[in-house]
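Enquirer: This structure is in structure tokens; I'll ask about it shortly.
The values are calculated or read from the model by the stated rules, or taken from the named source; none is laboratory data. Quantities reported herein were computed from a predicted structural model and do not represent experimental measurements. Here Cβ is always computed from backbone atoms with ideal geometry, including for glycine, and neighbour counts include all displayed protein chains.
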Amino acid sequence: MTNLKRVATIGDLARLARRRMPRFAFDYLEGGAGDDKGVIRNRQQLDRILLRPTLGCGVTPEISVSLFGQNYSMPFGIAPTGPNNLLWPGADAMLALVARTNNIPVVLSTMATTAVERFAEIAGISPWFQLYPLRSDKVADDLLARVWGAGVRVLVVTIDVTTNAIRNRDVRGGFNEPGFLRSRRFLMDAARRPIWLLGQLKQGKPRLPNLTPYIGASSLNWETARSAGDLLRHDVRWEHLKFLRERWKGSLIIKGILDPDDAVRAIELGADGVWVSNHGGRQFESAPASIDALPLIKARIGNRAKLFMDGGIRSGEDIVKAGACGADMAFSGRSLLYGIGAADAVGAQHGLKILRDGTFAALAQLGCAAYHLLDSKWIWRTDEPALSARAPD
């Protein structure tokens with residue numbers, strides 16, 4: 001078992017994960033569109049934000065939040081990520097257990113390698129479900145019925161996948177080629193990571209069970225991924241979201257929004273929440289950082305809907321920065337998957353502890369009594385007049 005005593009950051013977990021995961025899996029997890037400039041931009045822009053501490057407040061911060069009638073223990077959730085069980089054996093179940101143990105939201109992807117029914121059983125608390133708009137209304141109705149029957153009451157509709165992303169890491173590694181999972185390169189990569197390989201042999205070949213009734217039950221490979229992709233609607237229009245709003249009885253969040261006009265349109269169509277996201281930098285390399293779009297959208301929509309964001313979140317201070325920019329909750333997909341790659345479920349739990357402790361410490365240092373009290377006044381404005389230097393007496 002990996003010793004986590006001296007693991008201080010999510011970055012430390014990522015370095016450990018790189019040693020344990022096959023290269024193709026780590027590259028898929030860490031990489032983004034193009035040459036990763038969008039991924040890098042998310043981090044750079046978060047790092048540029050400075051916060052304004054106010055001293056002498058003596059606060060013990062409250063970090064719990066309430067969303068859609070549910071109380072959560074901290075303002076952080078696990079963002080949807082696709083074929084997690086391919087990246088690390090049993091990763092979906094580990095994420096579900098961490099969410100259950102710590103009372104945080106976890107969002108299962110349409111493209112997940114665990115069925116929503118099984119995932120909900122493991123999570124215990126009601127998970128959220130991420131849906132890509134589908135070409136077939138019949139398939140959409142059937143899947144939504146399954147999701148509702150599993151106890152899900154929050155639907156996250158992702159609308160920023162208008163085409164297959166060009167990810168240069170995957171191209172160079174051959175991960176996007178037909179037959180990759182049977183290739184010599186894959187076999188050699190897997191053989192160098194025996195823990196991962198033994199886990200895969202034990203769990204069996206990953207599948208896409210949320211889509212199995214519509215594409216067949218064959219194991220995850222290039223052909224099934226293509227079949228799954230054929231189900232998705234890439235020409236999403238606002239009327240398609242209206243269709244989903246009419247059919248979904250629970251809370252509805254629209255994910256992938258970066259433009260304030262789009263945020264307003266989503267709310268006008270009945271969205272209960274807007275999720276500001278550039279898909280973790282994985283879809284369009286030239287998209288702005290999520291944290292840059294967030295305050296613009298907050299200024300436009302005010303309190304008309306709940307506001308969420310992901311993109312580069314790696315610390316408690318990042319979570320607090322998101323709150324100061326307008327987010328009711330921040331999400332990350334990579335952070336806890338790095339923890340799983342580093343040390344299985346124990347690593348994910350350690351990663352969450354890093355985020356939770358950091359959030360509490362950041363609020364205490366700011367002198368802010370509760371996460372929900374954060375707003376733009378806690379951001380240090382670099383355009384404010386500098387204090388005049390005082391000559392010595």
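Enquirer: Of everything in segment 312-343, what is part of a helix (DSSP H, G or I) and within 26 Å of ALA299 (Cα to Cα)? Give them in sequence order.
Expert: Across segment 312-343, the qualifying residues are GLY316, GLU317, ASP318, ILE319, VAL320, LYS321, ALA322, GLY323, ALA324.
Enquirer: Considering segment 320-358 alone, what residues qualify as being touching a strand residue (DSSP E or B) at 6+ places or on another chain (Cβ under 8 Å) and closer than 14 Å to LEU87 by Cβ? Explain how you work it out, then say what you get.
Expert: Restricting attention to segment 320-358, the residues satisfying the condition of being touching a strand residue (DSSP E or B) at 6+ places or on another chain (Cβ under 8 Å) are 320-333, 336, 352, 355-356.
Selection gives GLY333, LEU336.
Enquirer: Does ALA299 fit the bill of being of a type outside the set (Asp, Glu) and over 23 Å from ALA79 (Cα atoms)?
Expert: Answer is yes for this residue.
Enquirer: So, one more: What number of residues within segment 38-76 are small (Gly, Ala, Ser) and either on the phi > 0 side of the Ramachandran plot or part of a strand (DSSP E or B) (or both)? Working first, answer last.
Expert: From segment 38-76, those small (Gly, Ala, Ser) are 38, 56, 58, 64, 66, 69, 73; that's our starting set.
Among the residues that remain, those that are also either on the phi > 0 side of the Ramachandran plot or part of a strand (DSSP E or B) (or both) are: 56, 58, 66, 69.
Of the residues in segment 38-76, 4 are small (Gly, Ala, Ser) and either on the phi > 0 side of the Ramachandran plot or part of a strand (DSSP E or B) (or both).
Enquirer: Oh, and also: I need a count of the residues in segment 171-190 that are assigned to a helix (DSSP H, G or I), at pLDDT below 85 and under 24 Å from LEU231 (Cα atoms).
Expert: 2
Enquirer: For segment 114-158, how many residues meet the condition of being aromatic (Phe, Trp, Tyr) and in a strand (DSSP E or B)? Before the answer, list the steps.
Expert: Taking segment 114-158 as the starting set, the residues that turn out to be aromatic (Phe, Trp, Tyr) are 119, 128-129, 132, 148.
Cutting the leftovers down to in a strand (DSSP E or B) gives us 128-129.
Going through segment 114-158 one residue at a time, the tally reaches 2.
Enquirer: For ALA96, all conditions in the list (1) modelled with pLDDT of 95 or more; (2) over 19 Å from GLY229 (Cβ atoms); (3) in contact with a helix residue (DSSP H, G or I) (Cβ under 7 Å, 6 or more places away or on another chain); (4) not in a helix (DSSP H, G or I) hold save one; what is the number of the exception?
Expert: Unmet condition: (4).
Enquirer: How about segment 345-380: which of its residues are outside any loop (DSSP other than H, G, I, E, B) and either of a type in the set (Phe, Trp, Tyr) or in contact with a Phe, Trp or Tyr (Cβ under 8 Å, 6 or more places away or on another chain) (or both)?
Expert: Residues of segment 345-380 that are outside any loop (DSSP other than H, G, I, E, B), as a first pass: 345-366, 370-373, 376-379.
GLY347, GLY351, LEU352, LEU355, ARG356, THR359, PHE360, LEU363, LEU366, TYR371, TRP378, listed by residue number.
Enquirer: If you scan segment 171-213, which residues turn out to be within 30 Å of TRP148 (Cβ to Cβ) and among the charged types (D, E, K, R)?
Expert: Within segment 171-213, LYS205, ARG207 meet the criteria.
Enquirer: State the number of residues belonging to segment 13-37 that are part of a helix (DSSP H, G or I) and either aromatic (Phe, Trp, Tyr) or closer than 13 Å to ARG334 by Cα (or both).
Expert: Within segment 13-37, residues that are part of a helix (DSSP H, G or I) and either aromatic (Phe, Trp, Tyr) or closer than 13 Å to ARG334 by Cα (or both) number 12.
Enquirer: Sticking with this structure for a sec: Condition check: within 19 Å of MET309 (Cα to Cα), surrounded by 22 or more Cβ atoms within 10 Å (Cβ to Cβ) and in contact with a Phe, Trp or Tyr (Cβ under 9 Å, 6 or more places away or on another chain). Does ILE10 satisfy that?
Expert: yes
Enquirer: Looking only at residues that are over 19 Å from the mean Cα position of the chain (by Cα) and on the phi > 0 side of the Ramachandran plot in segment 270-316, which one is surrounded by the most Cβ atoms within 10 Å (Cβ to Cβ)?
Expert: Result: GLY270.
Enquirer: Consider TRP148 carefully, then state whether it is closer than 18 Å to LEU252 by Cβ and surrounded by 21 or more Cβ atoms within 10 Å (Cβ to Cβ).
Expert: So TRP148 fails the test.
Enquirer: Another question about this same structure. Do we find that LYS321 is buried (at least 24 other Cβ atoms within 10 Å of the Cβ) and in contact with a Ser or Thr (Cβ under 7 Å, 6 or more places away or on another chain) in this structure?
Expert: no
Enquirer: Quick check on this structure: which one of ILE297, ILE354, ILE340 is farther than 28 Å from THR101 by Cα and either of a type in the set (Gly, Ala, Ser) or at pLDDT 95 or above (or both)?
Expert: ILE297
Enquirer: Kindly check whether there is at least one residue in segment 103-124 that is more than 21 Å from ALA25 (Cα to Cα), among the hydroxyl-bearing types (Ser, Thr, Tyr) and out of contact with any Cys (no Cβ under 7 Å at 6 or more places or on another chain).
Expert: No, the conditions are met nowhere in segment 103-124.
Enquirer: Every residue in segment 321-337 that is among the charged types (D, E, K, R) and farther than 19 Å from ALA369 by Cβ, please.
Expert: Correct list: ARG334 only.
Enquirer: Quick one: ALA112 ticks every box in (1) free of Cβ contacts under 8 Å to residues at least 40 places away in the same chain; (2) among the small types (Gly, Ala, Ser); (3) in contact with a Leu (Cβ under 8 Å, 6 or more places away or on another chain) except a single one, so which number is it?
Expert: The failed condition is (1).
Enquirer: Determine the pairs where a residue that is closer than 16 Å to THR162 by Cα, located within segment 276-290, has a partner that is assigned to a helix (DSSP H, G or I) and of a type in the set (A, V, I, L, M, F, W, C) with Cβ atoms under 6 Å apart, the partner being 6 or more residues away or on another chain.
Expert: GLY281/VAL39
Enquirer: Could you tell me which of the residues LEU294, LEU208, LEU307 is of a type outside the set (Val, Ile, Thr) and in contact (Cβ under 8 Å) with a residue 40 or more places away in the chain? Outline the logic, then answer.
Expert: Numbers: LEU294 fails: in contact (Cβ under 8 Å) with a residue 40 or more places away in the chain; LEU307 fails: in contact (Cβ under 8 Å) with a residue 40 or more places away in the chain.
So the residue among LEU294, LEU208, LEU307 that is of a type outside the set (Val, Ile, Thr) and in contact (Cβ under 8 Å) with a residue 40 or more places away in the chain is LEU208.
Enquirer: Residue by residue through segment 99-111, note down the ones that are surrounded by 23 or more Cβ atoms within 10 Å (Cβ to Cβ) and under 15 Å from GLY339 (Cβ atoms).
Expert: The answer is ALA99, ILE104, VAL106.
Enquirer: Considering every residue within segment 191-203, establish whether at least one is part of a loop (DSSP other than H, G, I, E, B), farther than 27 Å from GLY38 by Cβ and at pLDDT 85 or above.
Expert: Yes, because at least one residue in segment 191-203 is part of a loop (DSSP other than H, G, I, E, B), farther than 27 Å from GLY38 by Cβ and at pLDDT 85 or above.
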